[in-house]
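Some notes on the structure that comes next.
The values are calculated or read from the model by the stated rules, or taken from the named source; none is laboratory data. Not measured: the values here are computed from a predicted model. Glycine gets a Cβ as well: all are built from the backbone with ideal geometry, and neighbour counts include every protein chain shown.
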């Protein structure tokens with residue numbers, strides 16, 4: 001369906017003007033459509049920084065929405081532990097946990113469906129998923145294979161009795177040996193794709209301790225008391241030490257990798273059926289280790 005808007009009030013860059021005229025879409029999405037030719041000015045393809053004028057007509061033809069379907073996919077999984085009730089997997093960087101409008105397939109859930117039965121508690125598109133980590137965060141996730149296990153694991157998360165430890169490389173030198181960030185989080189009023197510290201947000205608590213200091217970076221461990229969206233990433237930015245490589249919350253000049261240098265390296269929980277305490281640990285991915293080796297040689301504090 002073609003949408004047309006005539007510029008009557010504000011001129012300027014087409015991506016900025018389009019974000020005002022087509023407010024149901026995000027600016028980044030509109031920018032991609034400008035680049036792809038789905039959004040034109042007076043019938044002509046332009047670049048996002050093209051200057052539009054009063055009287056110009058913008059014509060938008062959004063691409064058809066790809067329907068989300070949950071199909072098992074034979075995607076390799078690194079299974080750290082498995083029994084009839086639970087799975088523990090080491091999710092690689094770049095893999096989305098569950099399907100969404102922007103990522104309809106090739107997710108961890110698609111891979112899990114091809115591997116084993118999953119719980120049904122968390123809805124149609126998140127079977128088995130008790131907790132999640134971001135696409136470009138690597139590391140351990142516990143997965144419920146049945147509803148009995150899901151209820152137990154979810155209750156442990158709510159009671160904050162799980163062990164969830166992350167390895168993080170941040171900008172700047174943290175002077176304190178350890179600390180606690182207690183700041184409520186919610187959707188950013190300036191950018192709906194981001195989370196931010198906001199007065200009326202949900203309670204969020206992150207503990208951290210320093211592992212190693214470099215001249216320009218600090219390697220830390222983070223311990224989650226709560227599990228809000230982007231919690232570690234936003235909290236570390238809030239204290240002035242954003243994650244290295246973070247494309248959303250970090251500085252433009254940063255270490256190059258495959259996204260933020262954040263790894264869910266340790267995970268512990270009580271087994272839903274036996275009650276036995278389980279603890280798992282996996283090393284960070286190769287790119288993370290390579291950067292640390294480089295910093296050990298050239299940037300030690």
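Quick rundown of the values:
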quantity	calculated
Flag for residue 297 being at pLDDT 95 or above, within 25 Å of residue 175 (Cα to Cα) and not in a loop (DSSP other than H, G, I, E, B)	no
Odd one out for residue 179 among (1) more than 21 Å from residue 295 (Cβ to Cβ); (2) at pLDDT 95 or above; (3) crowded, with 16+ Cβ neighbours inside 10 Å	(3)
Index of the failed condition, residue 263 passing every other in (1) free of Cβ contacts under 8 Å to residues at least 12 places away in the same chain; (2) in contact with a helix residue (DSSP H, G or I) (Cβ under 9 Å, 6 or more places away or on another chain)	(1)
Restricting the stretch 237-272 to residues that are in contact with a strand residue (DSSP E or B) (Cβ under 9 Å, 6 or more places away or on another chain) and exposed (fewer than 13 other Cβ atoms within 10 Å of the Cβ), the residue that is farthest from residue 138 (Cα to Cα)	240
Given (1) modelled with pLDDT of 95 or more; (2) surrounded by 15 or more Cβ atoms within 10 Å (Cβ to Cβ); (3) in a loop (DSSP other than H, G, I, E, B), number of the condition residue 141 does not satisfy	(3)
Count - residues of the stretch 157-176 that are at pLDDT 95 or above and over 14 Å from residue 222 (Cα atoms)	4
Candidate set: the stretch 144-166, residues that are out of contact with any helix residue (DSSP H, G or I) (no Cβ under 7 Å at 6 or more places or on another chain) and part of a strand (DSSP E or B); chosen: the one nearest to residue 287 (Cα to Cα)	165
The stretch 26-42, residues that are on the phi > 0 side of the Ramachandran plot and out of contact with any strand residue (DSSP E or B) (no Cβ under 7 Å at 6 or more places or on another chain)	37
Members of the stretch 266-294 that are assigned to a loop (DSSP other than H, G, I, E, B), more than 15 Å from residue 166 (Cβ to Cβ) and either in contact with a helix residue (DSSP H, G or I) (Cβ under 7 Å, 6 or more places away or on another chain) or without any contact (Cβ under 8 Å) to a residue 24 or more places away in the chain (or both)	272, 274, 275, 276
Residue among 211, 234 that alone is surrounded by fewer than 19 Cβ atoms within 10 Å (Cβ to Cβ), in contact with a strand residue (DSSP E or B) (Cβ under 9 Å, 6 or more places away or on another chain), under 25 Å from residue 288 (Cβ atoms) and not assigned by TED's automatic domain parsing to the domain that holds residue 139	211
Any hit, the stretch 70-85, residues being touching a strand residue (DSSP E or B) at 6+ places or on another chain (Cβ under 7 Å) and closer than 22 Å to residue 248 by Cβ	no
All positions within the stretch 93-102 that are in contact (Cβ under 8 Å) with a residue 12 or more places away in the chain, loosely packed, with under 15 Cβ neighbours inside 10 Å and on the phi < 0 side of the Ramachandran plot	100, 101
